1. So which residues in segment 131-149 are open to solvent by less than 30 Å² (accessible area, probe 1.4 Å) and either under 10 Å from Gly291 (Cβ atoms) or in contact with a His (Cβ under 9 Å, 6 or more places away or on another chain) (or both), if there are any at all?
2. When segment 158-188 is examined, which residues are found to be more than 16 Å from the ligand (Cβ to nearest atom) and either open to solvent by 10 Å² or more (accessible area, probe 1.4 Å) or closer than 26 Å to Phe144 by Cβ (or both)?
3. Can you name the residue in segment 189-226 that is open to solvent by 10 Å² or more (accessible area, probe 1.4 Å) and β-branched (Val, Ile, Thr) and, of all such residues, is farthest from the ligand (Cβ to nearest atom)?
4. Check segment 243-257 and report whether any residue there is within 16 Å of the ligand (Cβ to nearest atom) and outside any helix (DSSP H, G or I).
5. For the condition modelled with pLDDT under 95, open to solvent by 50 Å² or more (accessible area, probe 1.4 Å) and not in a loop (DSSP other than H, G, I, E, B), what is the one hit in Ala330, Ala316?
6. Would it be correct to say that Asp213 is among the acidic types (Asp, Glu) and either modelled with pLDDT of 95 or more or over 22 Å from the mean Cα position of the chain (by Cα) (or both)?
7. Being of a type outside the set (A, V, I, L, M, F, W, C) and in a helix (DSSP H, G or I) is the filter here; which residues of segment 147-161 pass it?
8. Restricting attention to segment 164-179, which residues are part of a loop (DSSP other than H, G, I, E, B), among the small types (Gly, Ala, Ser) and either in contact with a helix residue (DSSP H, G or I) (Cβ under 6 Å, 6 or more places away or on another chain) or touching a residue at least 24 places away in the same chain (Cβ under 8 Å) (or both)?
Amino acid sequence: MAILVVGGAGYIGSHAARALRRSGYEAVIYDNLSTGFRRLAQGFELVEGDIADEVRLRPVLARVDAVMHFAAHAYVGESVENPRKYFRNNVAGALSLLNSALDAGIRRFVFSSSCAVYGVPEKIPISEHTPRAPVNPYGASKLFFENALEAYGRAYGLCSVSLRYFNAAGGDEGGEIGEMHDPETHLIPLALAASAENGPELQVFGADYPTPDGTCVRDYIHVNDLADAHVRALQYLEKQHRERSRDEKGGDSLAVNLGTGRGHSVLEIIQAAENATGRPVRRTMGLRRPGDPPALVADPAKAQRVLGWAAQRNLADVVSSAWRWMEKTAQRHAA
Ligand code: UDP
């Protein structure tokens with residue numbers, strides 16, 4: 001069975017492509033390399049193209065059985081400053097991709113959604129029943145696409161899974177691929193970089209939140225655990241596909257949270273980074289970053305119940321694998 005991994009040269013997509021291959025699927029990567037990296041797609045067939053390029057997509061879609069869609073802009077702050085960019089790619093472009101897939105006869109679709117669809121939830125941990133009320137254009141773009149998948153399920157029989165990621169982090173245990181963003185804005189790589197002798201200081205965004213130590217709490221999930229959940233989602237869709245009776249019109253659209261169910265504060269991450277590197281993380285206490293909710297922690301029960309999936313790796317695994325990848329990358333640059 002062949003899967004088109006759209007955005008497979010990016011951070012999470014490249015890990016998912018490898019997980020698919022380990023599980024016996026053929027993964028073809030489709031990416032415009034705007035934020036992705038050719039080296040993350042190494043060893044895979046890479047088709048370069050944009051998600052809105054129907055002509056480029058047509059022949060590729062004709063030879064795959066399912067689509068996984070990772071190709072999105074994903075900086076919350078940037079989405080507030082430049083919503084046009086986010087709606088163009090994450091909404092208009094993504095819809096064009098969805099229509100191309102539908103026209104090619106694809107009926108199985110896995111979507112990278114986000115806990116950003118919940119906005120600032122009233123209750124922690126967050127279950128899938130929590131009302132979806134995004135508070136920034138990034139979250140709004142993800143919610144739009146979830147709605148599109150649901151409507152296409154009802155109208156056209158499309159079967160889909162929306163995976164609502166919490167904070168993806170860490171790198172492949174082999175050290176060959178890992179987190180790559182330009183610019184890097186995420187806490188774990190920045191905390192690790194701040195432990196280097198002449199590295200930039202980490203700024204802690206707010207220490208006056210209503211949390212146990214005053215800093216924001218997030219649910220950090222290892223990228224390979226996320227990748228494994230995509231394989232489970234695909235297996236779920238295959239099962240649905242087999243069991244659906246021929247005259248059944250509506251497709252199933254499932255949405256599940258992907259997190260560990262455990263929250264960690266910014267200060268706990270700093271401590272974990274110091275444990276991994278053996279060096280102090282140089283930091284300053286700064287102001288809150290606009291748009292950051294105090295705490296986001298998943299209730300992962302549905303993923304366990306429906307997909308048979310639960311995170312296997314803990315925070316130490318996340319941080320140490322991220323550190324290994326950073327060290328390898330530094331060695332590569334020095335060579
Ligand atoms: N954070 C921070 N300093 C940084 C980057 C992030 O204190 O330089 C905090 C941020 O406020 C949030 C958490 O770390 O509470 C995780 O942020 P990140 O950008 O990694 O992921 P997000 O939660 O925004 O998806």
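The values are calculated or read from the model by the stated rules, or taken from the named source; none is laboratory data. Keep in mind the model is a prediction, meaning the values are calculated, not measured. Reconstructed Cβ throughout: ideal geometry from the backbone, glycine too, with neighbour counts over all protein chains shown. Surface accessibility is based on the protein's heavy atoms, side chains included, excluding ligands, DNA and RNA. Shrake-Rupley method; radii C 1.70, N 1.55, O 1.52, S 1.80 Å.
1. Within segment 131-149, Asn136, Tyr138, Gly139, Ser141, Phe145 meet the criteria.
2. Within segment 158-188, Leu158, Cys159, Ser160, Val161, Ser162, Asp172, Glu173, Gly174, Glu176 meet the criteria.
3. Top of the filtered list is Thr211.
4. Yes, some residue in segment 243-257 is within 16 Å of the ligand (Cβ to nearest atom) and outside any helix (DSSP H, G or I).
5. Result: Ala330 is the single residue among Ala330, Ala316 that is modelled with pLDDT under 95, open to solvent by 50 Å² or more (accessible area, probe 1.4 Å) and not in a loop (DSSP other than H, G, I, E, B).
6. Judged against the criteria, Asp213 is a match.
7. Asn147, Glu150, Tyr152, Gly153, Arg154, Tyr156
8. Taking segment 164-179 first, the residues part of a loop (DSSP other than H, G, I, E, B) are 166, 170-179.
Checking the rest, the ones that are also among the small types (Gly, Ala, Ser) come to 170-171, 174-175, 178.
If the condition is that a residue be part of a loop (DSSP other than H, G, I, E, B), among the small types (Gly, Ala, Ser) and either in contact with a helix residue (DSSP H, G or I) (Cβ under 6 Å, 6 or more places away or on another chain) or touching a residue at least 24 places away in the same chain (Cβ under 8 Å) (or both), then Gly170, Gly171, Gly175, Gly178 are the ones that fit.
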